[in-house]
Structures are given as structure tokens and as C-alpha cells.
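Student: The structure is given below, and queries will be raised subsequently.
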Amino acid sequence: MKLQQLRYIVEIRRQGLNVSEAAESLYTSQPGISKQVRLLEDELGVAIFERSGKRFTGLTEPGRAVVEIAERILAEAENLKRACADFSAGDSGRLVLAATHTQARYALPPVVRDFVARHPGIKLEMHQGSPTQIAEWLLAGDVDIGIATEALDRYPQLITLPVRQWSHCVIAPAGHPVLQAQPLSLHELVKWPLITYDTAFAGRSRINQAFERIGAAPNVVFTALDADVIKTYVNLGLGLGIISALAFDAQRDSGLAALDAGHLFASNTTRLALRRGIYLRRHDYDLIELFAPHLTRRVVELTMQGGGEAYQL
């Protein structure tokens with residue numbers, strides 16, 4: 001039995017039983033994978049995959065157990081490498097962080113600055129994507145730490161830790177009539193064209209739920225993946241914007257004004273996610289605590305041991 005054989009069967013399952021895609025993902029050939037799967041099945045004495053001709057159509061009952069165990073073995077093999085590197089490499093190595101645009105643009109810059117100053121030998125990489133993409137990158141082992149508001153807590157294979165709560169604000173060009181609405185209401189907002197986040201981003205589900213509660217259909221004329229794009233089109237007069245309050249700065253965003261919308265839309269929780277069972281290196285803990293000072297090493301370790309979101313804001 002070889003670790004590479006275990007990687008093959010795990011990747012086949014991850015790619016929806018598509019051997020060609022598994023081979024492409026692992027930079028090998030489809031015949032090579034198929035041969036190694038047969039050798040592994042012969043060694044174990046069980047069929048791992050159900051077949052229709054040459055196609056894999058499902059996992060057998062023993063195959064499900066084999067793949068689950070293989071995932072644990074591969075995770076521990078990776079942890080062994082991470083642990084040894086943590087002690088032998090000193091302050092060098094690589095940390096891959098994934099975040100949504102809002103977090104990468106507005107929340108993480110001072111964290112990255114301080115981390116690089118503290119760990120000049122660590123190569124820090126940042127990937128930006130949707131919350132679902134971030135979760136998938138974490139599960140595939142492509143990133144070490146993920147940060148987003150939506151979706152991360154829906155994956156049982158991930159450990160999530162709450163970082164902070166935040167609310168939305170409504171932005172408008174200076175002098176817009178809506179700025180005189182006191183207090184701002186959802187019924188006032190439905191009178192105007194709106195620009196806000198794509199459905200998968202930055203608390204958009206909270207916005208939808210608020211309008212659904214009053215039985216109103218907002219006139220969303222444009223959606224975008226990040227607040228900078230939304231602000232650009234609000235400046236052009238296309239509509240009012242609904243963005244994370246974190247993304248508005250009165251000095252930087254000249255020509256725009258913001259109204260607090262915390263009373264209109266439920267608050268959102270930014271979460272930091274880690275792959276369940278991952279070995280965290282010293283610099284991983286440092287980055288986590290720089291981003292969320294309440295998430296000390298002790299808190300993170302207890303949450304990882306408990307297997308869930310133990311810490312509450």
C-alpha cells in the first residue's frame with residue numbers, strides 16, 4: 001500500500017468519480033490511476049468502487065470506509081510534514097491564506113503588514129474567491145486558513161471560529177434625497193434602484209431575508225462581487241448601494257455618504273476556517289491572533305480538540 005494510491009482514490013471521490021479529472025488534478029495519467037486502484041483493491045481484498053464497464057459509478061460499502069480512512073492517513077501524513085517543518089525550518093516556509101475581497105481589501109492589510117514584519121522568512125500568499133471557493137480550497141488542502149462571512153460554517157469538515165460581527169450600510173451620492181430619511185426604512189429603500197453584492201457574498205442572504213420579511217421586492221439593478229465596484233456605480237448615479245460598513249471610509253470615499261443600516265439587516269459574522277485535524281504551525285497561530293486577538297493559541301487549540309465552534313462572540 002502506497003500513499004500515492006490513497007491519494008488517487010481520495011481524489012477520484014473528490015472529482016465525482018471522474019478518473020480523467022482526478023488524473024488531471026494530480027498531474028498523472030488516467031491509465032496509471034486505474035492500474036494503481038486495481039492494485040490497491042487486490043492488496044486489500046475488496047472492491048473500492050462500483051463499476052459499469054470501465055466507469056466508476058459509486059463507492060462500495062467497504063470502499064466508503066477505505067476512502068474515509070485514506071483521508072485520515074493522508075491528513076496525518078501532511079501533518080507530519082508540517083510539524084517537522086515547523087521545528088526544522090525556523091522562521092521560513094509558506095502560509096496560504098484565502099479571503100473574500102471585502103476581507104482582503106479592508107480587514108487584512110494591517111494584519112498582513114504586521115505578520116510580514118514579524119515573520120520576514122515566511123512566504124505569505126493570498127487567494128481571493130467566493131466563500132464556497134474558499135471552503136473548497138480548504139478541503140482540498142490548497143490553503144491553510146480561510147476567511148469569509150458566508151458558507152464556511154456549512155461544511156462539517158471545517159472548524160470555524162467567529163472573528164467579529166458587522167453590519168451593512170447604505171451609500172448614496174452626496175445630496176441624495178434618501179439621506180434625509182430619518183429613520184431609514186426598508187420601505188424607503190424599495191423606492192430606489194439598488195446595487196449590492198452577488199448572492200454568495202458579504203451577507204447578501206441577510207439583505208434578502210429582510211425584504212422578504214416585509215413582503216417587498218427590492219429593485220436590485222446591479223450586483224457585484226466587491227464593495228469597490230458597487231461604490232463606483234453608485235458614484236455614477238446608477239442606484240443606492242448596500243455594502244459592508246467595513247468597506248466605507250468617509251475620507252477615502254469622497255462624494256458618497258453612508259447611512260447605518262444595522263437596524264434594517266441582521267448582523268453578520270466573519271468567520272475564520274481551518275481544515276479539521278490540520279496541524280497548525282507557530283506562524284499559523286500568529287496570523288490568526290493578529291487578525292482576531294481573542295483567538296489565542298489556547299482558544300484555537302481547545303476549539304480544534306472539541307471539533308466545533310466552541311468560542312462565541
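Student: So which residues in the stretch 13-34 are over 12 Å from residue 54 (Cβ atoms), open to solvent by 20 Å² or more (accessible area, probe 1.4 Å) and either part of a helix (DSSP H, G or I) or among the hydroxyl-bearing types (Ser, Thr, Tyr) (or both), if there are any at all?
Tutor: Of everything in the stretch 13-34, those that are over 12 Å from residue 54 (Cβ atoms), open to solvent by 20 Å² or more (accessible area, probe 1.4 Å) and either part of a helix (DSSP H, G or I) or among the hydroxyl-bearing types (Ser, Thr, Tyr) (or both) turn out to be 13, 14, 21, 24, 25, 27, 28, 29, 32.
Student: Moving on to the next point. How many residues does the stretch 112-144 contain that are buried (at least 18 other Cβ atoms within 10 Å of the Cβ), in a strand (DSSP E or B) and charged (D, E, K, R)?
Tutor: Qualifying residue count, the stretch 112-144: 0.
Student: Could I ask something else about it? Please work out if residue 199 is within 26 Å of residue 162 (Cα to Cα) and open to solvent by 40 Å² or more (accessible area, probe 1.4 Å).
Tutor: Considered against the rule, which asks whether it is within 26 Å of residue 162 (Cα to Cα) and open to solvent by 40 Å² or more (accessible area, probe 1.4 Å), residue 199 comes out as yes.
Student: Might you let me know whether the stretch 204-223 holds any residue that is open to solvent by 70 Å² or more (accessible area, probe 1.4 Å), basic (Lys, Arg) and part of a loop (DSSP other than H, G, I, E, B)?
Tutor: no
Student: Which of (1) of a type outside the set (Phe, Trp, Tyr); (2) assigned to a loop (DSSP other than H, G, I, E, B); (3) at pLDDT below 95; (4) at negative phi does residue 293 not meet, given it meets every other one?
Tutor: Single failed check for residue 293: (3).
Student: Does any residue of the stretch 243-263 turn out to be under 20 Å from residue 147 (Cβ atoms), outside any loop (DSSP other than H, G, I, E, B) and open to solvent by 30 Å² or more (accessible area, probe 1.4 Å)?
Tutor: Yes, the stretch 243-263 contains at least one residue that is under 20 Å from residue 147 (Cβ atoms), outside any loop (DSSP other than H, G, I, E, B) and open to solvent by 30 Å² or more (accessible area, probe 1.4 Å).
Student: What are the pairs with Cβ atoms under 9 angstrom where one residue, in the stretch 1-15, is in contact (Cβ under 8 Å) with a residue 12 or more places away in the chain and closer than 15 Å to residue 30 by Cα and the other, located anywhere, is among the hydrophobic types (A, V, I, L, M, F, W, C) and assigned to a loop (DSSP other than H, G, I, E, B)? Sequence gap at least six, or different chains.
Tutor: 4/26; 7/26; 8/26; 9/48; 11/26; 12/48
Student: A follow-up question, please. Being open to solvent by 10 Å² or more (accessible area, probe 1.4 Å) and closer than 20 Å to residue 102 by Cβ is the requirement here; does residue 192 meet it?
Tutor: Answer is no for this residue.
Student: Please go through (1) open to solvent by 30 Å² or more (accessible area, probe 1.4 Å); (2) over 24 Å from residue 155 (Cβ atoms); (3) touching a Lys or Arg at 6+ places or on another chain (Cβ under 8 Å); (4) not small (Gly, Ala, Ser) for residue 233 and return the number of the only condition it doesn't satisfy.
Tutor: That leaves (3) as the condition not met.
Student: Of 10, 66, which residue is within 27 Å of the chain's Cα centre (by Cα), surrounded by 14 or more Cβ atoms within 10 Å (Cβ to Cβ), modelled with pLDDT of 90 or more and under 27 Å from residue 135 (Cβ atoms)?
Tutor: So the residue among 10, 66 that is within 27 Å of the chain's Cα centre (by Cα), surrounded by 14 or more Cβ atoms within 10 Å (Cβ to Cβ), modelled with pLDDT of 90 or more and under 27 Å from residue 135 (Cβ atoms) is 10.
Student: Looking for something surrounded by fewer than 17 Cβ atoms within 10 Å (Cβ to Cβ), touching a Phe, Trp or Tyr at 6+ places or on another chain (Cβ under 9 Å) and among the small types (Gly, Ala, Ser) - is there at least one such residue anywhere in the stretch 36-56?
Tutor: The answer is no; no qualifying residue exists.
Student: Given the structure, is residue 100 hydroxyl-bearing (Ser, Thr, Tyr), open to solvent by 20 Å² or more (accessible area, probe 1.4 Å) and at pLDDT 90 or above?
Tutor: no
The values are calculated or read from the model by the stated rules, or taken from the named source; none is laboratory data. Keep in mind the model is a prediction, meaning the values are calculated, not measured. Because the Cβ atoms are built from the backbone with ideal geometry, glycine has one as well, and the counts that use them run over all protein chains shown. Just the protein is used for accessible areas: all its heavy atoms, side chains included, with ligands, DNA and RNA removed. Shrake-Rupley method; radii C 1.70, N 1.55, O 1.52, S 1.80 Å.
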